[in-house]
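The values are calculated or read from the model by the stated rules, or taken from the named source; none is laboratory data. Being a predicted model, the structure only gives us computed values, none of them experimental. Cβ: placed from backbone, ideal geometry, glycine included. Neighbour counts: every protein chain shown. Just the protein is used for accessible areas: all its heavy atoms, side chains included, with ligands, DNA and RNA removed. Shrake-Rupley method; radii C 1.70, N 1.55, O 1.52, S 1.80 Å.
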Amino acid sequence: MDAPHYVAARVQRALAEDERTVELGIRVDVRGDKIFLRGRVSAPERRLLIEDVAREAAPGLSVHNEITLVEVREPGEEEPL
Amino acid sequence: MTQTRVAAVADIHMGEDLRGRFRPKLHGIEDRADVLLVGGDLTRHGTIAEGRVVADELRDLPIPVVAVLGNHDYHSDCEQAITAILRDAGVVVLDDEATILSMNGTTLGVVGGKGFGGGFAGKCASEFGEPETKAFVRHTRHIAERWRHALSGLDSDHRVVLSHYSPVKDTLMGEPTEIYPFLGSYLLAEAADEEGADLIIHGHAHLGTEKGLTPGGIQVRNVAVPVIGMAYTVYRLNGA
Ligand SMILES: [Fe+2]
Ligand SMILES: [Fe+2]
């Protein structure tokens with residue numbers, strides 16, 4: 001089995017370069033046979049696509065999708081500068 | 001008193017799947033802000049089709065819209081076409097240049113462009129060695145030079161720098177430090193500090209934080225959607 005370091009790098013690269021994701025803002029950590037995905041995205045479909053691409057890039061590992069969905073809220077108070 | 005309310009957002013990463021989802025969040029923006037600044041990564045793949053989606057989301061807003069492109073908008077080598085599509089929709093797209101808007105008797109100068117990386121003072125790449133390294137650093141240096149030039153000729157009550165890449169480390173907090181050189185460059189901050197500005201807006205660092213300061217004391221705000229969690233934030237610039 002590949003060293004976790006290389007697996008994480010491969011997944012990270014797949015997320016960035018796969019046409020379905022092109023996602024550079026996701027942290028990928030491999031611990032044992034688990035792969036953890038962390039970050040924030042704005043659509044539930046993207047969260048799932050990222051998981052799919054990660055799974056394909058690291059077959060055999062269990063993917064823990066800890067990506068948070070940011071709901072784009074209405075703007076709040078203005079900040080005086 | 002002359003005050004300007006600046007709405008800002010970055011990294012909206014539109015695609016056909018998100019068509020029509022951003023625009024409703026801009027409803028009523030004219031009551032909250034005088035201008036909307038959009039700090040790059042408007043699309044996901046930088047395709048013309050995605051550029052059209054962005055144009056439709058931003059078209060005919062009741063307040064002026066000023067934008068710069070981000071690295072994603074360059075991905076398909078269609079950045080010029082995307083720029084043209086946005087301009088046709090009435091968006092002012094800055095490519096290392098300045099624009100002056102006047103509203104409520106006040107003028108706001110905006111200088112900006114995509115920016116680029118290289119890292120931060122003491123821990124950055126320098127123009128040395130292989131041509132690839134030199135080209136990388138030179139690209140940022142060239143951009144900073146153009147911003148400095150645009151700022152020096154700018155005569156307005158307020159001035160804001162609009163970038164995609166970050167000018168400071170402060171707003172990268174939350175990103176792995178190993179990738180800082182790909183997230184921004186101190187050369188961008190240095191140009192603004194030399195010529196003076198009230199605010200620097202950027203995006204790109206999705207895992208970063210909102211608030212920072214340049215070494216010269218200019219307020220910096222990272223307005224990437226995943227960071228602010230809102231359609232935009234509003235900053236009020238007071239009396240000039
Ligand atoms: Fe982005
Ligand atoms: Fe970006």
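Name the residues in the range B:16-63 that are at the interface with chain A (Cβ under 9 Å from one of its Cβ atoms), over 20 Å from B:LEU162 (Cα atoms) and within 16 Å of ligand 2 (Cβ to nearest atom), would you?
B:HIS45, the sole residue that qualifies.
Within the range B:5-90, which helices (runs of 4 or more DSSP H) (wholly inside it) include 1 or more residues that are small (Gly, Ala, Ser)? Step through it out loud before you land on a result.
Numbers: elements: B:29-32, B:48-58, B:79-88.
Helices (runs of 4 or more DSSP H) meeting the threshold: B:48-58, B:79-88.
Considering each residue of the range B:218-228, count those that are within 16 Å of ligand 1 (Cβ to nearest atom), at the interface with another protein chain (Cβ under 7 Å from one of its Cβ atoms) and either touching a strand residue (DSSP E or B) at 6+ places or on another chain (Cβ under 6 Å) or open to solvent by 20 Å² or more (accessible area, probe 1.4 Å) (or both), and give that number. Let's see the steps before the verdict.
At the first step, the residues of the range B:218-228 found to be within 16 Å of ligand 1 (Cβ to nearest atom) are B:221-228.
When the remaining residues are screened for being at the interface with another protein chain (Cβ under 7 Å from one of its Cβ atoms), the result is B:225-226.
When the remaining residues are screened for being either touching a strand residue (DSSP E or B) at 6+ places or on another chain (Cβ under 6 Å) or open to solvent by 20 Å² or more (accessible area, probe 1.4 Å) (or both), the result is B:226.
Counting residues in the range B:218-228 that are within 16 Å of ligand 1 (Cβ to nearest atom), at the interface with another protein chain (Cβ under 7 Å from one of its Cβ atoms) and either touching a strand residue (DSSP E or B) at 6+ places or on another chain (Cβ under 6 Å) or open to solvent by 20 Å² or more (accessible area, probe 1.4 Å) (or both) gives 1.
What tally of residues in the range B:97-119 results from selecting those that are more than 16 Å from ligand 1 (Cβ to nearest atom), assigned to a loop (DSSP other than H, G, I, E, B) and open to solvent by less than 20 Å² (accessible area, probe 1.4 Å)?
1
Exactly one condition in (1) open to solvent by less than 20 Å² (accessible area, probe 1.4 Å); (2) more than 16 Å from ligand 1 (Cβ to nearest atom); (3) on the phi < 0 side of the Ramachandran plot; (4) of a type outside the set (A, V, I, L, M, F, W, C) is false for B:GLY28; which is it?
Going through (1) open to solvent by less than 20 Å² (accessible area, probe 1.4 Å); (2) more than 16 Å from ligand 1 (Cβ to nearest atom); (3) on the phi < 0 side of the Ramachandran plot; (4) of a type outside the set (A, V, I, L, M, F, W, C) one by one, B:GLY28 breaks only (3).
With respect to the numbered conditions (1) within 16 Å of ligand 1 (Cβ to nearest atom); (2) in contact with a Pro (Cβ under 8 Å, 6 or more places away or on another chain), which one is the sole condition not fulfilled by A:LEU24?
(2)
Filtering the range B:174-195 down to residues that are within 14 Å of chain A (Cβ to nearest Cβ) and without any contact (Cβ under 8 Å) to a residue 60 or more places away in the chain, which residue is surrounded by the fewest Cβ atoms within 10 Å (Cβ to Cβ)?
B:GLU178
Can you work out which of the residues in the range A:68-81 that are in a strand (DSSP E or B) and within 8 Å of chain B (Cβ to nearest Cβ) is least open to solvent (accessible area, probe 1.4 Å)?
Residues of the range A:68-81 that are in a strand (DSSP E or B), as a first pass: A:68-69, A:73, A:79-80.
Remaining after also requiring within 8 Å of chain B (Cβ to nearest Cβ): A:73, A:79-80.
Values: A:ARG73: 122, A:GLU79: 40, A:PRO80: 73 Å².
Ranking the qualifying residues of the range A:68-81, first place goes to A:GLU79.
Consider the range B:196-217. How many of its residues are within 12 Å of chain A (Cβ to nearest Cβ), open to solvent by 10 Å² or more (accessible area, probe 1.4 Å) and away from ligand 1 (no atom under 16 Å from the Cβ)?
5
For the structure I just gave you, tell me whether B:HIS13 is within 16 Å of ligand 1 (Cβ to nearest atom), at the interface with chain A (Cβ under 9 Å from one of its Cβ atoms) and on the phi > 0 side of the Ramachandran plot.
Details: within 16 Å of ligand 1 (Cβ to nearest atom): yes; at the interface with chain A (Cβ under 9 Å from one of its Cβ atoms): yes; on the phi > 0 side of the Ramachandran plot: yes.
Yes.
Starting from the range B:70-83, keep only residues that are touching a residue at least 60 places away in the same chain (Cβ under 8 Å), then list their pairs with residues that are among the acidic types (Asp, Glu) whose Cβ atoms are within a distance under 6 Å, requiring at least 6 positions of separation or different chains.
B:GLY70/B:ASP41
Would you be able to tell me the number of residues in the range B:229-240 that are in contact with a His (Cβ under 9 Å, 6 or more places away or on another chain) and surrounded by 18 or more Cβ atoms within 10 Å (Cβ to Cβ)?
The qualifying residues number 1.
Could you check the range B:65-83 and list, in sequence order, the residues that are open to solvent by less than 50 Å² (accessible area, probe 1.4 Å), closer than 25 Å to B:VAL161 by Cβ and away from ligand 1 (no atom under 16 Å from the Cβ)? Can you show your working first?
So the first thing to find is which residues in the range B:65-83 are open to solvent by less than 50 Å² (accessible area, probe 1.4 Å), and the list is B:65-73, B:76, B:78-79, B:81-83.
When the remaining residues are screened for being closer than 25 Å to B:VAL161 by Cβ, the result is B:65-73, B:79, B:82-83.
Scanning the range B:65-83 gives B:VAL65, B:VAL66, B:THR83.
Would a scan of the range B:135-153 turn up a residue that is in a loop (DSSP other than H, G, I, E, B) and more than 16 Å from ligand 2 (Cβ to nearest atom)? Steps first, answer last, please.
Initially, the range B:135-153 is screened for residues in a loop (DSSP other than H, G, I, E, B), giving B:153.
This time we only want the ones that are more than 16 Å from ligand 2 (Cβ to nearest atom), so: B:153.
Yes, because at least one residue in the range B:135-153 is in a loop (DSSP other than H, G, I, E, B) and more than 16 Å from ligand 2 (Cβ to nearest atom).
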